[in-house]
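Colleague: Here it is, the structure, as structure tokens.
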Amino acid sequence: MRISHNHNCSIRLVAASTILLQIICLGVLGGMGLCAKAQILTKEDLQKQIEIYEAVSLQAKTPDMPAIQAGQIWSHLGTLYQDAGMYGQSERAFEHAMRLLTVAPVSNSDLATAIDNLGTLYMETGHVEEAEHAELKALKIREESKLESELPRSWYHLATLYLREHRSAKAKEYAERAVNAFFADRNAVPEDKTGSLLVLASSLCQSGKYPEAIAKLQSAFQMAKETYGADTFPTGFSAFILGYAYWKSGDPASAAELMRHGTEIMGKELGWRHPAYLTVMTQYARFLRDEHRLDMARAIEQQVKNMRAQLNANPAYSNGLDTTDVAALF
């Protein structure tokens, strides 16, 4: 699930992306929403932000503006497009940002962030080798430049990537590093804490360690409620993932209400036009089938099919509809 704030920094929750929150958790949690002053913005606010930054980007040209500043603007625009599921435009914006950010004098922090963001986008759209290359490059820049405070973000995104590839041991290793660093840092934002917890818990699920995973997901769910409120995207997403873990552990009774309520919140926040919501609803339909609620499952599956057909006809969305980073958590 991906959550982002100002143009100097973008954070994957997911991640998302998102990272959820890039889930996400990519960062998964790569939310699919924006965070400004600890407030989750709606999809309407996201569209307004895109319009603002598209207008600003027209002025973000050298020599009228320093290359670093222009690169920051384009990098943030890429993040906005990514949060909206507009993957083709996101990739072009990140590539343009990187060209600007390699003009001397180079800010290694901003360059690493842009490369990192492009890596999360590659992950969301299923380009795994390119994603790993970009994430490791961003990590190397941060290590060589002694950007210690930025290392946890690289660990977080690599954990999400390895989770997606079902390399659960490596995912757990990097996720634990990220979780420990974020929870030890008083300045770490809640999106990074919850997002990295979701990735760590999902790596435990992949290994069949459900009780340990559920304990961490309960912590993430509680943190989301306390930070953002009961009916916001991070809380809904955390509820759904917690319910999913209960389901896979063999406890569908505990899963049912969490998954239902989570999809309800996410539907209001994202809507059917967002690739991440389609991924979540596909999982929910599978749960309903498992519970022999076939009529509801079929209705959801048909809606997902119809919406995918519509979005696939739109070049802004078609790249990566089936590979959005939320899928890394399942």
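Colleague: I want to check a number: in segment 73-231, how many lysine pairs have alpha carbons closer than 29 Å, given a sequence separation of 8 or more or different chains?
Modeller: Qualifying lysine pairs in segment 73-231: 22.
Colleague: Next up: In nm, to one decimal, how far is the modelled label at S149 from the one at L58, with both set 7 Å along Cα→Cβ?
Modeller: 3.5 nm
Colleague: Looking only at segment 151-177, which residues have a backbone nitrogen under 16 Å from a spot 7 Å from the Cα of A184 in the C-beta direction?
Modeller: Label zone hits: 151-156, 173-177.
Colleague: If the reach is capped at under 14 angstrom between alpha carbons, list the aspartates and glutamates near K268, excluding any in the same chain fewer than eight residues apart.
Modeller: Cross-link targets: E44, D45, D231.
Colleague: Which FRET efficiency value, to the nearest 0.05, is calculated for D251 and E51 with the Förster distance at 51 angstrom and r the Cβ-Cβ distance?
Modeller: Numbers: r = 45 Å, r/R0 = 0.88.
In this case the efficiency is close to 0.70.
Colleague: Quick one: which residues, 5+ away or cross-chain, put their amide H under 5 Å from the amide H of W272? H built at 1.01 Å from N.
Modeller: Under 5 Å from the amide H of W272: no residue qualifies.
Colleague: Would you mind telling me the share, in percent, of accessible area of segment 73-140 contributed by carbon and sulfur at probe 1.4 angstrom?
Modeller: Of all accessible area on segment 73-140, carbon and sulfur atoms account for 55 percent.
Colleague: Additional query: Taking θ = phi - 60°, what integer Hz values does the Karplus form 6.51 cos²θ - 1.76 cosθ + 1.60 yield along segment 223-228, in sequence order, with x for Gly and Pro?
Modeller: Karplus values, whole Hz, x for Gly and Pro: 5, 5, 4, 5, 7, 10.
Colleague: In whole Hz and in residue order, list the ³J(HN,Hα) couplings for segment 204-216 that follow from phi through the Karplus curve 6.51 cos²θ - 1.76 cosθ + 1.60, θ = phi - 60°; x for Gly and Pro.
Modeller: Values, residue by residue: 5, 4, 4, 8, x, 9, 5, x, 5, 5, 4, 4, 6 Hz.
Colleague: How far apart, in nanometres, would the label points at K305 and E130 be if each is projected 7 angstrom from Cα along the Cα-to-Cβ direction?
Modeller: For the pair K305/E130, the computed spacing is 3.0 nm.
Colleague: Now a separate question. When the Karplus curve 6.51 cos²θ - 1.76 cosθ + 1.60 is applied with θ = phi - 60°, which whole-Hz ³J(HN,Hα) does each residue of segment 145-158 get, with x for Gly and Pro?
Modeller: Whole-Hz 3J(HN,Hα) from phi for segment 145-158: 8, 6, 8, 4, 5, 9, 4, x, 5, 5, 4, 4, 6, 5.
The values are calculated or read from the model by the stated rules, or taken from the named source; none is laboratory data. On a predicted model such as this, the values are computed, not experimentally measured, just so you know. Please note: Cβ atoms are built from the backbone with ideal geometry, for glycine as well, and neighbour counts cover all protein chains shown. When the accessible area is computed, the model is the full protein with side chains, heavy atoms only, and any ligands, DNA or RNA have been set aside. Shrake-Rupley method; radii C 1.70, N 1.55, O 1.52, S 1.80 Å.
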